[in-house]
1. Would you point out which residue out of B:Asp181, B:Asp225, B:Asp172 is away from chain A (no Cβ under 11 Å), within 30 Å of B:Ala140 (Cα to Cα) and either among the aliphatic types (A, V, I, L, M) or surrounded by fewer than 18 Cβ atoms within 10 Å (Cβ to Cβ) (or both)?
2. Of everything in region B:212-247 that's of a type in the set (A, V, I, L, M, F, W, C) and not in a helix (DSSP H, G or I), which residue is modelled with the highest pLDDT?
3. Just to check your reading of the model, which residue among B:Gly126, B:Gly143 is over 18 Å from the mean Cα position of the chain (by Cα), among the small types (Gly, Ala, Ser) and modelled with pLDDT under 90?
4. Failed condition for A:Ala173, given (1) within 13 Å of chain B (Cβ to nearest Cβ); (2) more than 21 Å from A:Trp111 (Cα to Cα); (3) not in a loop (DSSP other than H, G, I, E, B), with all others met?
5. Consider region B:232-261. How many of its residues are more than 20 Å from the chain's Cα centre (by Cα), open to solvent by 20 Å² or more (accessible area, probe 1.4 Å) and facing chain A (nearest Cβ under 9 Å)?
6. Give the residue, chosen from B:Gly133, B:Gly183, that is assigned to a loop (DSSP other than H, G, I, E, B) and at positive phi.
7. Could you go through region A:193-203 and let me know if any residue there is in contact with a Pro (Cβ under 7 Å, 6 or more places away or on another chain), of a type outside the set (Gly, Ala, Ser) and open to solvent by less than 20 Å² (accessible area, probe 1.4 Å).
Amino acid sequence: MTAATQAADDLHATQRAAQARRKALAPWLLMLPALVIVLVFFGIPTLYMVRMSFNLHIDQRLYVPGFTFEHYVNLFSNPLFTNAILTTIRLALIASLATVAIGYAFALLVWLKPARWRLLFIGLALAPLLISEIAIIFGWWMFFPKNGLLSYALLSSGLVTEKISLMYTEFAAFVGLVYVTLPYCFFILLSIFDGIDKRLLEASADLGAPPSRTFREVMLPLTWTGILVAFSQSFIWTMGTYATPSALGPDTLWTMGFLIQEQMLGKHNWPMASAFAVVLVVGVAAVMTLTRSLQSERTSFHV
Amino acid sequence: MSDATHRSIEPVVLRVLVAAFTIFIIGYILVPILVTLVMSFNNAAMIRFPIANWSARWYADFFASGQWTDALKNSILIALGTAVISTTAGVLCAWAFQRFHIPFRDMWYILIMMPLFMPGVVLGLGVAIAFGGLSIGGYAFYGSRELVMVAHSLWAMPLVFMLMEATFKTIDYRIVEASHDLGGGPVRTFFEVVLPLVSTGIVSSMLFAFVISLNEFVMALFLTDRDTQTLPVLMWLSLRSAGTPRLAVASVILALTVFACLTIIMLWYVRQLRKVSR
């Protein structure tokens, strides 16, 4: 082997090595912007939040570095805070059940109706998704009170004799919450329905089953996973959504999200707000894990 | 006997139920929208039905008020920034996932998608306490539009990533190979072959990112000050003090901006379809 070919081989080898290095580096370079966003603006704040929740809160300062479990103890012993946790869970549970029921019926309707209605209904379902939560709140805010549209409509149709107000009731809070989460639920369920062969319904009817029995014994088992996913999705959303219940519901309807805002912006108690946020995140994570395990159990059972 | 009557009654009951539900769902979704639209043309200063006089007075009022037009400007700037940041990051990341072997792929996937499942109040709080007091070279993070853009990208970027991951799967990769065979480097191939193929996906995800940022107000509430507050934040703060038809006007303007974005997506989509059919 001459020195010249040796040098050429070396050159090729280094070139190839450089190419391989570049090839190995390429995915990381491409992922870099996304990873910076997630790690720097999600990872660091999350860790910071956990650390913050153990800091001290002394004489109206935002926080004093230290280490205490005081805020967590407070969270689970102070009736104000425990009530907020229970209220959040109760609201999320009822609102999600209502959302799934309405969303299921809505998706079923769109699935069964002729195709020409489909686009119209999908456009309708998209509307709450594309409107800002604040605009939704304000819309219902004009509908429910004494001088609102509902009261006027009922009064002029003669159904009631005096002005009525449903504003600042739990009912109003639920109406708003379900409105916000309905589209997510609807689209999850519609995608499940679209995977079902409609001839199954005919087969069931041909075999003599009335619609109610077809629903119970054919549709429900086929859509069970979808219901589960839609429910957990709604639950997670309603747990984190606090503006709607706090604006439409009664003054005493304190949710965890509302107390986080109150502690952070009103009371300037950063450790307490952080402790609350940590508990909320743990709750969200628990619901997601539970859904996943239920889902896999279900599918493994079917297979 | 009873079974027979049962069977003949059931379809009728069902049809009535279906009709009732259809009316209910259409009404339910349209009520807040129509109420807002109607109220925005109210002449009076109070929110009350019935409406006696109609006028566009509150629209004129909105555009004459520096505070409200500034808020609209902030909203649009922040939404534009969010769209650019999250689309760039999301598209590149989805391409990496499509074309390269990535160690611990599932772990990175979960990490990137995670912020999407976090409540806005938690993300807002985290970013606010971690970056609130920080300032580098006289540039204060807190209250800056850029910080809100990045915070909004925490929701928008995973969504772009998800959309683009699905879009990249639909490409015919023989075209990409052909480009390589013809001597096109990876960078040139990406910009001149791949991107034009997925342009509809990119435009859609960019506009979705824009809409998410435009409508979001919890994170913005935690991260903006008086000078940078967005329109939804200003609406939330004024709703707490007093509701006037000006808020209805603000709602309508927000919704119209979103509607304009949707129209752009539709026009783009139709254009692409025409190109393909030609």
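The values are calculated or read from the model by the stated rules, or taken from the named source; none is laboratory data. Bear in mind the structure is a predicted one, so any value in this text is a computation, not a measurement. Positions of Cβ are backbone-derived with ideal geometry, glycine not excepted, and every protein chain shown enters the neighbour counts. Heads up: the accessible areas ignore ligands, DNA and RNA and are worked out on the full protein's heavy atoms, side chains in. Shrake-Rupley method; radii C 1.70, N 1.55, O 1.52, S 1.80 Å.
1. The match here is B:Asp225.
2. Within region B:212-247, the first condition is being of a type in the set (A, V, I, L, M, F, W, C), and the residues that meet it are B:212, B:214, B:217-223, B:231, B:233-237, B:239, B:242, B:247.
Add one more test, that the residue is not in a helix (DSSP H, G or I), and what stays is B:217, B:242.
Numbers: B:Phe217: 89, B:Ala242: 73.
Top of the filtered list is B:Phe217.
3. Numbers: B:Gly126 fails: modelled with pLDDT under 90.
Of the residues listed, the single one that is over 18 Å from the mean Cα position of the chain (by Cα), among the small types (Gly, Ala, Ser) and modelled with pLDDT under 90 is B:Gly143.
4. (1)
5. 1
6. Working: B:Gly133 fails: at positive phi.
Unique residue meeting the criteria: B:Gly183.
7. Taking region A:193-203 first, the residues in contact with a Pro (Cβ under 7 Å, 6 or more places away or on another chain) are none.
Checked region A:193-203: no residue is in contact with a Pro (Cβ under 7 Å, 6 or more places away or on another chain), of a type outside the set (Gly, Ala, Ser) and open to solvent by less than 20 Å² (accessible area, probe 1.4 Å).
Residue-by-condition table, conditions (1) without any contact (Cβ under 8 Å) to a residue 12 or more places away in the chain; (2) more than 8 Å from every other protein chain (Cβ to nearest Cβ); (3) among the charged types (D, E, K, R); (4) surrounded by 10 or more Cβ atoms within 10 Å (Cβ to Cβ):
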site: A:Ala8; (1), (2), (3), (4): yes, yes, no, yes
site: A:Ala34; (1), (2), (3), (4): yes, no, no, yes
site: A:Phe42; (1), (2), (3), (4): yes, no, no, yes
site: A:His57; (1), (2), (3), (4): no, yes, no, yes
site: A:Val64; (1), (2), (3), (4): yes, yes, no, yes
